[in-house]
């Protein structure tokens, strides 16, 4: 059987919906040659077999009610879903220590010598 990863899903989310248990993540990771903690791109195909299903009641309930867990959402997406403004913290520049600046000579050196060779 196959399923396609959606936005904000991780392998644990797919394991819960497909196998009925989060422990099914190990079987999915081995079967699909991926990391348990790796990020899934939108549209990544995940395959599993009937033997991977740990709790058929949970898997059937998720399928019947169209439950699609997505717990790998980032902060910006979560704020948008909850209708909250995204708070961007700008660093306070007064707390950043500046490097000491060496005193520099600002006067330009002016050529005051006479030319000794004639130009041709």
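Rg to Rh for the chain: what is it, with Cα atoms only and Rh by Kirkwood?
Value, to two decimals: 1.61.
Using only DSSP helix segments of four residues or longer, with each worth -39500 (n - 2.57), what per-residue ellipticity at 222 nm results for the chain after dividing by its residue count and rounding to 500?
Calculated at 222 nm, the ellipticity per residue is -8000 deg cm²/dmol.
Over the chain, what is the mean sequence separation of C-alpha contacts under 8 Å (at least six apart), divided by residue count, expressed as relative contact order in percent?
Rounded, it is 28 percent for the chain.
The numbers here are math on the coordinates, done by the rules we state, and not lab data. Remember, it's a predicted structure, so these values are computed and weren't measured experimentally.
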